[in-house]
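The values are calculated or read from the model by the stated rules, or taken from the named source; none is laboratory data. Since we're looking at a predicted model, the values are computed, not measured. Here the Cβ positions follow ideal geometry from the backbone for every residue, glycine too, while neighbour counts run over all protein chains shown.
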Amino acid sequence: MDELKGLEKNDVIETDITSMGMEGEGVARVYGKAVFIRGAIRGERVRAKIIATRPKFDVGLLQSVISPSPDRAEPVCPVYGKCGGCDLQHLVYPAQLAFKRERVSDALKKIGGFDVPVEEVVPSELKYRYRNKISLPVRQINDQLKIGLFAKSSHRIVETPDCFLQPAWNAALAPALRGFMEKNGLVGYDEEKDSGDVRHIVAREAGGRLSITVVATREIKTDGLKEAFAGIYPRVSVYLNINRKRSNVILGTKWIPVSLDPEPTIIDGYKTDVHPAGFFQVNDDVREKLYSYVADLCDGAVAIEAYSGAGLLSARLARKAERVYGIELNPQSHEAALKLCRDNNITNFTPVLGDVGEKLGEVLESTAAENENGGGSGNKETFIVLDPPRTGISAEAAAILAASGADNIVYVSCNPPTLARDARLIADGGYDLISVRPFDMFPETSNLETVAIFGRKL
């Protein structure tokens, strides 16, 4: 090692971990440069091998822990560190919560320029077996069928006989699919050649039903597919999804029902149905806590949910708010929201089909006119609730929100950096960031949900 040149690939170092990265990596500083070491914890002294050098940082592979932290835990999963699904199993749970709170606070400070207190993270009742959805890539590699999870930051398959974040039913998926494929002469997808028959298997448990989707490159014969998954779960629906595109997008647009469970699905007290392609929070316990919190905020108010999907959150808001409007661009999700209202006799929730940028102003004008004409019980506070994808919202959408005149904006985010970026745009448009409450939707990982509340400046 040459201090003037810095670290080089394959150098072995002993160093102190002084901080934590955004994905839970331990961070050391060597020769004035950050070294990210997955599996290391702040306060530890470790030995690591340099596996990559970059202009602004280096990456080390943890070889041993010389001085362990009292926060270190023994991972329960035999493929932890190889699979990319978890990154915090080596941390005791209270330390995970503290790290996530710090992650949100740091993002708001460094990206958004906010110096606001972040509340304690709302914990999950379950640390393992909490996820209701799993996606397993199916690949043909050197003439061998591989079904598992991707290694971190790669498309290398790590076979996972049992994912500890999933309910026990997950262990039966790969063997059942493997048996069906071998019986029918089907092969896994080859990414390099863009060939093969089956790309993924996706399963989601919602409201007492397990929906299993086999994602194929073509319309394969489905004889025996229902039977292959029999006994995995008391109630099972099976779908075939066709994805012919050469991309990282898992699901295609063509759906073929193979076997549908006829019994109604009850979620959060509502008769509903969650389509396999629809959005649904993966942790039932924390979803309930988050939805209840947001609904309580909107008690007696007029609530407008942007990006409302199939309307599950809007329906929860309707239990507390005087009136609710859900704006959704996807026609399929919009129809699902309409059906949700009909099947459950929800009369104060109005699904609106269209782009948020085009429809938000119309809905606000409509609510203002209703108030002026004596609709409802007089002037009510307005809450705009939004739960955008991980990429956040556009600058244009932020400008629309800022110009909306709504009394409050409730932003539900799954990504602290984009939350911080968007919070700055919203604040610059005339709102104060009032409170920030994280929710641990994803224990044993660095991910979380955060609810940020904005109030219009007077």
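Just to be sure, is residue 286 farther than 16 Å from residue 207 by Cβ, aliphatic (A, V, I, L, M) and under 20 Å from the mean Cα position of the chain (by Cα)? So that I can check it myself, show each step before the final result.
Details: farther than 16 Å from residue 207 by Cβ: yes; aliphatic (A, V, I, L, M): yes; under 20 Å from the mean Cα position of the chain (by Cα): yes.
For residue 286, the condition - farther than 16 Å from residue 207 by Cβ, aliphatic (A, V, I, L, M) and under 20 Å from the mean Cα position of the chain (by Cα) - is met.
Scan 429, 392 and give me the residue that is modelled with pLDDT under 95, in contact with a Lys or Arg (Cβ under 7 Å, 6 or more places away or on another chain), crowded, with 18+ Cβ neighbours inside 10 Å and small (Gly, Ala, Ser). Walk me through it before giving the result.
Working: 429 fails: in contact with a Lys or Arg (Cβ under 7 Å, 6 or more places away or on another chain).
Criteria check complete, one pass: 392.
Count of segment 432-458 residues, restricted to those that are buried (at least 22 other Cβ atoms within 10 Å of the Cβ) and not in a loop (DSSP other than H, G, I, E, B), is 8.
Once segment 142-177 is narrowed to residues that are in contact (Cβ under 8 Å) with a residue 24 or more places away in the chain and out of contact with any strand residue (DSSP E or B) (no Cβ under 7 Å at 6 or more places or on another chain), the residue that is farthest from residue 89 (Cα to Cα) is 176. Looking only at segment 105-149, which residues are hydrophobic (A, V, I, L, M, F, W, C), within 20 Å of the chain's Cα centre (by Cα) and more than 17 Å from residue 448 (Cβ to Cβ)? Passing the criteria: 134, 136, 149.
Taking residues in segment 87-112 that are touching a residue at least 60 places away in the same chain (Cβ under 8 Å), and partners anywhere that are outside any loop (DSSP other than H, G, I, E, B) and among the basic types (Lys, Arg), the pairs with Cβ atoms closer than 6 Å and at least 6 places apart or on different chains are 111/421; 112/424. Quick check on residue 174: is it under 20 Å from residue 79 (Cβ atoms), small (Gly, Ala, Ser) and surrounded by fewer than 16 Cβ atoms within 10 Å (Cβ to Cβ)? Judged against the criteria, residue 174 is not a match.
Of all residues in segment 69-95, which are among the aliphatic types (A, V, I, L, M), within 23 Å of residue 158 (Cβ to Cβ) and crowded, with 19+ Cβ neighbours inside 10 Å? Break it down stepwise before answering.
The initial filter retains those residues of segment 69-95 that are among the aliphatic types (A, V, I, L, M), namely 73, 76, 79, 88, 91-92, 95.
Add one more test, that the residue is within 23 Å of residue 158 (Cβ to Cβ), and what stays is 73, 76, 79, 88, 91.
Matches in segment 69-95: 79, 88, 91.
Checking 365, 328, 263 one by one, the residue that is in the same structural domain as residue 165 (by TED's automatic domain parsing) and either under 24 Å from residue 122 (Cβ atoms) or among the acidic types (Asp, Glu) (or both) is 263 and no other. Taking the conditions exactly as written (crowded, with 18+ Cβ neighbours inside 10 Å, more than 30 Å from residue 313 (Cα to Cα) and free of Cβ contacts under 8 Å to residues at least 40 places away in the same chain), does residue 223 satisfy them or not? In short, no. The strands (runs of 3 or more DSSP E) located wholly in segment 264-362 that include 2 or more residues which are touching a strand residue (DSSP E or B) at 6+ places or on another chain (Cβ under 9 Å) and farther than 20 Å from residue 404 by Cβ occupy 265-267, 270-272.
Let's see how each residue does on (1) assigned by TED's automatic domain parsing to the domain that holds residue 23; (2) touching a Phe, Trp or Tyr at 6+ places or on another chain (Cβ under 7 Å); (3) surrounded by fewer than 16 Cβ atoms within 10 Å (Cβ to Cβ):
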| site | (1), (2), (3) |
| --- | --- |
| 55 | yes, no, yes |
| 67 | yes, no, yes |
| 97 | no, no, no |
| 100 | no, no, no |
| 103 | no, no, no |
| 110 | no, no, yes |
| 113 | no, no, yes |
| 120 | no, no, yes |
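Selection of segment 177-220 for residues being among the hydrophobic types (A, V, I, L, M, F, W, C) and surrounded by fewer than 18 Cβ atoms within 10 Å (Cβ to Cβ) yields only 187.
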